[in-house]
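Take a look at the structure set out below.
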Amino acid sequence: MDVEDPQMAAVVANFFDLDKAIAADPDLSREKLSELRKWSEGREEIFPGMTDMQLLLFLQSCYGDVDKTKECMVNYFNCILDVPQFFDRWDVSLDQIKQGLDTVYYAPMPKLSPKNHLMIVCRFRHTDASKYVFSDGSRIFMMTSEAQFLVRGPQEGLCVVMDMTNMCFSHLWRFPVPLVRRFIGMIQEGMPVRLKEIHITNCSYFLPTLMSFLKPFMKKELADLIQCHSGAMDSFHEQFPPECLPSELGGTTGSFQEHHENNVKLLAKLTPLWTAKDKWSAAQRLHRDKGSDSD
């Protein structure tokens, strides 16, 4: 990444303070960052334009273990090259992304959860399943997660809340098995965050069907994170006070729409960063395909 470029410099200006993040965590250090930078240089499978802040997020997600961080980085960038449906064209001005944003709320909460985890709350905006595209929804979730960590810095964990209001049985037919398998695998092996909590709220009658479809792709560690809440959702509200939630879930922090709009504005600011990543991944795929043709 050319941070001397005014457009890219404006993007990096939104990122978290590197020195503060390192000082706050004894598992992190400039020396480990330097080791990762030296290791990554010249490796074709690793995006060469990463900032130190991006490197630090990988390192922190692996609890400062440099070897595990290298493995996570390789897995992540392999996913970028292998599954462009999730990682290419992270641009909120594109029609397909606009449709995804008009179909699902992606609402990061301004406050951390009581367990000190960054919270992203999602909910279908309407019941029309024909408007939902799994790959675009996954893409927007990845954009949202990456943007939040780049701006807010390393966190103790990520808490994802999926509210089933407006989700219909017909939505299940919009989950293609190969992409679902790849998405869950990527979350488990290559996503540079510590996923700590998954809550499903306002559970519908077809939730057992959904879970029976998803669980074969999950490791036990991921499946054990899932908590389901229905009815009055007392079990949910016992864990999350109103100041952590949108108004539609009994919270006091503002509406889904408000937080969703704030998220979209942030995603738009980071577009130049993701455009640079797209150029790299397109070149890498072309190089890889030419290599395959010559074999």
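List residues of the stretch 47-85, by number, whose backbone nitrogen lies under 17 Å from a label position 7 Å along Cα→C-beta of residue 30. Only 52-56 pass the distance filter. Partner lysines whose Cα lies under 26 Å from the Cα of residue 215, excluding those fewer than 8 positions away in the same chain, are identified as 68, 115, 131, 196. Ranked by the mean number of other Cβ atoms within 10 Å per residue, highest first, peptides 236-246, 174-184 order as 236-246, 174-184. If the segment from residue 227 to residue 288 were pulled out straight at 0.36 nm per residue, it would be longer than the present Cα-Cα gap by 17.8 nm. In this Cβ point-charge picture (+1 for Lys and Arg, -1 for Asp and Glu), the stretch 14-101 has a dipole of about 80 debye about its Cα centre. A Förster radius of 35 Å combined with the Cβ-Cβ distance from residue 173 to residue 78 puts the calculated FRET efficiency at roughly 0.75. When each of the peptides 45-53, 133-141, 16-24 is scored by the mean number of other C-beta atoms lying within 10 Å of its residues, the order from highest to lowest reads 133-141, 45-53, 16-24. Ranked from largest, the principal axis spans of the Cα set of the stretch 123-167 equal 36, 18, 12 Å.
Report Rg(Cα)/(2.2 N^0.38 Å) for the stretch 79-217, keeping two decimals.
Here the answer is 1.02, to two decimals.
Note on the stretch 249-290: Cα-only Rg and Dmax are 17.6, 55 Å.
Taking 0.36 nm per residue of separation and subtracting the Cα-Cα distance, full extension of the segment from residue 255 to residue 209 would add 13.6 nm.
Of all DSSP beta bridges confined to the chain, the antiparallel ones make up roughly 25%. Structural size metrics of the chain, computed from C-alpha coordinates, are Rg and Dmax of 19.1, 62 Å.
Surface composition of the chain: carbon plus sulfur atoms hold 52% of the accessible area, using a 1.4 angstrom probe and ignoring ligands, DNA and RNA.
Please label the shape of the stretch 76-119 as rounded, prolate or oblate, based on the square roots a ≥ b ≥ c of the eigenvalues of the alpha-carbon gyration tensor (a/c under 1.5 means rounded; beyond that, a/b larger than b/c means prolate, else oblate). Here the stretch 76-119 falls in the oblate category. Here is the size of the stretch 1-129 from its Cα atoms: Rg then Dmax, 17.4, 51 Å.
The relative contact order of the stretch 35-119 comes to 16 percent, based on Cα pairs under 8 Å that sit 6 or more residues apart. The distance linking the stretch 63-121 with the stretch 162-207 is 13 Å (Cα centroid to Cα centroid, whole angstrom).
Evaluating kT/(6 pi eta Rh) at 25 °C and 0.890 mPa s, with the Kirkwood radius of the stretch 137-295 over Cα pairs in the Stokes-Einstein relation, gives 135 µm² s⁻¹. For the stretch 203-295, the extents of the C-alpha atoms along the principal axes are 61, 37, 22 Å, listed from largest to smallest.
The values are calculated or read from the model by the stated rules, or taken from the named source; none is laboratory data. What you are looking at is a predicted structure, and each value in this text was computed from that prediction instead of being measured. Neighbour counts run over all protein chains shown; Cβ positions are idealised from the backbone, glycine included. Areas reflect the complete protein model, heavy atoms only, side chains present, ligands, DNA and RNA absent. Shrake-Rupley method; radii C 1.70, N 1.55, O 1.52, S 1.80 Å.
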